[in-house]
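Visitor: Structure in structure tokens, see below.
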Amino acid sequence: MWTDAGAPAGMPSLFERGGDLISFAGGLPDLDLLPLEELSGQLARLTRLGGRIALQYSTPHVARALVPAITDLMAREGGRPVAEDLVPTAGSQMGLLAVALGLGTPGETVLCQTPAYPGATAAFRTAGLLPYAAPEDPEGIDPVALRATAARLRAEGRRVRMLYCNPTFQNPTGATLSTERRHHLLDAAREAELLVVEDDPYGLLGFDGRTTPALQGLDPENVLHLGTFSKVFAPGLRCGWIAAPAPLAGALRRTTEVMALSPSAFAQAALAAFHARGGWDTLIDAYRERYRERCGLMADALDAELGTDGPWRWRRPDGGFYLWLRHTGGADTAGLAPAAEQGVSFVPGAHFGLDGECGDALRLCFSHVPRGRIAEGVARLARVLRGASAAGPERRVA
Ligand code: PMP
């Protein structure tokens with residue numbers, strides 16, 4: 001890409017707010033649950049007692065004080081990080097770009113679970129990598145077909161070394177790969193010599209508190225795990241990590257150093273202090289409970305407004321931030337963009353396709369919509385979607 005003057009791969013703009021708009025677009029956590037008083041005391045103490053270190057440049061290593069906080073989070077999903085192989089990031093978005101730039105070679109193909117988080121595909125494309133849909137069946141990535149796809153692509157002369165997936169409460173579908181499927185997938189990835197890149201921001205946000213074993217814990221030597229504090233704490237600190245297989249940690253560290261010199265020592269120290277004081281349980285339980293409630297309200301409102309036998313289909317997720325709607329008649333949701341005029345926003349499905357697929361789908365985020373606004377937002381959405389259903393066939397003929 002360095003010789004190509006083209007614009008870098010873009011991202012949908014998700015965080016607009018204001019006016020009477022009810023936004024179901026961006027994946028924002030509900031920060032009403034953050035204990036701000038407690039936090040401000042901790043930050044004041046940190047600045048007073050450790051400010052000269054915490055506000056200085058640091059090295060591209062996870063601060064020793066933060067390691068227990070990461071280990072605690074990952075262990076809840078059976079993850080087994082090794083402290084020396086943790087690489088700090090300013091959130092998983094940076095982690096994705098670091099993986100793409102540090103481990104990929106321009107022109108290389110990356111197999112991706114689809115629909116895919118657009119930030120991942122944008123990161124891959126920005127590094128000159130070529131996203132390619134991993135084969136799927138109704139249970140998720142299909143391990144048997146994966147081996148065949150990797151072999152076919154290589155026979156065609158393509159270089160393929162990585163498989164990207166977001167296996168738990170996936171953005172955008174909310175789907176989770178079963179434990180059994182995870183084992184088969186990991187076997188297939190090893191056989192096909194594919195490094196698995198596990199993007200896992202939502203794994204601890206199951207509504208009933210249950211977790212599914214992280215791929216990293218099942219095969220630490222062949223899984224690179226991207227973790228983040230954005231959804232279990234707050235995205236404004238821009239703090240995350242890569243738990244890398246040992247041989248890859250050095251290259252990733254060097255790449256993150258080029259990207260940001262050093263991680264935010266202050267953010268790392270703040271998170272370490274928060275964890276040391278009270279652990280994660282209270283905050284994560286509160287987030288889970290809040291999202292369970294919001295998801296239930298949104299799904300109930302969708303049932304009431306769109307019915308269960310109409311053209312729009314969705315599954316109630318068991319965790320995470322998102323609901324994924326599909327139109328059985330193939331309506332084009334990008335054409336519904338003026339939905340904002342109706343006072344509601346969402347992300348059209350085509351953003352999650354590698355090449356414009358999923359145009360008949362849309363993603364709704366329930367995590368930060370005020371409780372009392374969900375039914376009204378869904379009523380507005382339903383007005384927009386009813387228009388789509390009527391217009392769909394005409395558009396296809398045209
Ligand atoms: N991966 C996925 C699947 C996401 O949904 C997000 C944020 N929406 C990210 C990575 C990036 O998150 P952050 O950079 O805040 O850690």
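Visitor: Check off (1) under 30 Å from H275 (Cα atoms); (2) in a helix (DSSP H, G or I) for Q56 and give me the number that stays unchecked.
Guide: Unmet condition: (2).
Visitor: Then there is this: Residues that are touching a His at 6+ places or on another chain (Cβ under 8 Å): find the helices (runs of 4 or more DSSP H) completely inside the range 187-297 holding 2 or more of those.
Guide: Filter on the range 187-297 gives 215-218.
Visitor: While we're looking at this one, here's another question. Look at the range 59-85 and say how many of its residues are in a loop (DSSP other than H, G, I, E, B) and either under 18 Å from S264 (Cβ atoms) or touching a strand residue (DSSP E or B) at 6+ places or on another chain (Cβ under 9 Å) (or both).
Guide: Result for the range 59-85: 9.
Visitor: Additional query: Does P88 satisfy the condition of being more than 16 Å from the ligand (Cβ to nearest atom), closer than 16 Å to I242 by Cα and buried (at least 21 other Cβ atoms within 10 Å of the Cβ)?
Guide: no
Visitor: Within the group R154, R159, R182, which residue is away from the ligand (no atom under 16 Å from the Cβ) and free of Cβ contacts under 8 Å to residues at least 12 places away in the same chain?
Guide: None of the other options fit; the residue is R154.
Visitor: Given the criteria of a type in the set (V, I, T) and within 16 Å of the ligand (Cβ to nearest atom), does V62 qualify?
Guide: So V62 fits the description; yes.
Visitor: Mind checking which residues of the range 305-325 are in contact (Cβ under 8 Å) with a residue 24 or more places away in the chain and more than 15 Å from N171 (Cα to Cα)?
Guide: E305, L306, G310, P311, W312, listed by residue number.
Visitor: Give the range 176-186 a look and list any residue that's surrounded by fewer than 24 Cβ atoms within 10 Å (Cβ to Cβ) and part of a helix (DSSP H, G or I), or say none.
Guide: Across the range 176-186, the qualifying residues are T179, E180, R181, H183, H184, L186.
Visitor: Between M298, M259, which is aliphatic (A, V, I, L, M), outside the structural domain of A90 (by TED's automatic domain parsing) and under 21 Å from the mean Cα position of the chain (by Cα)?
Guide: Of M298, M259, the one residue that is aliphatic (A, V, I, L, M), outside the structural domain of A90 (by TED's automatic domain parsing) and under 21 Å from the mean Cα position of the chain (by Cα) is M298.
Visitor: Given the residues L252, L261, L248, L218, which is the only one that is hydrophobic (A, V, I, L, M, F, W, C), more than 15 Å from the ligand (Cβ to nearest atom) and under 23 Å from L55 (Cα atoms)?
Guide: Unique residue meeting the criteria: L261.
Visitor: Still on this structure: Give R316, R373, R326 a once-over and let me know the one that is within 30 Å of G209 (Cβ to Cβ), touching a strand residue (DSSP E or B) at 6+ places or on another chain (Cβ under 9 Å), more than 16 Å from the ligand (Cβ to nearest atom) and part of a loop (DSSP other than H, G, I, E, B).
Guide: Residue meeting the stated conditions: R316.
Visitor: Follow-up. For the condition within 16 Å of the ligand (Cβ to nearest atom) and either more than 22 Å from E221 (Cα to Cα) or surrounded by fewer than 17 Cβ atoms within 10 Å (Cβ to Cβ) (or both), what is the one hit in P115, P106, P68?
Guide: It is P115.
Visitor: Looking at L385, L354, L362, can you tell me which residue is at pLDDT 95 or above and either of a type in the set (S, T, N, Q) or surrounded by 21 or more Cβ atoms within 10 Å (Cβ to Cβ) (or both)?
Guide: Among L385, L354, L362, only L362 is at pLDDT 95 or above and either of a type in the set (S, T, N, Q) or surrounded by 21 or more Cβ atoms within 10 Å (Cβ to Cβ) (or both).
Visitor: Every residue in the range 337-351 that is surrounded by 20 or more Cβ atoms within 10 Å (Cβ to Cβ), over 19 Å from the mean Cα position of the chain (by Cα) and part of a helix (DSSP H, G or I), please.
Guide: Scanning the range 337-351 gives a single hit, A339.
The values are calculated or read from the model by the stated rules, or taken from the named source; none is laboratory data. The structure displayed is predicted, hence computed values, not measured ones. Neighbour counts are summed over all protein chains in view; Cβ atoms, including those assigned to glycine, are modelled from backbone coordinates with ideal geometry.
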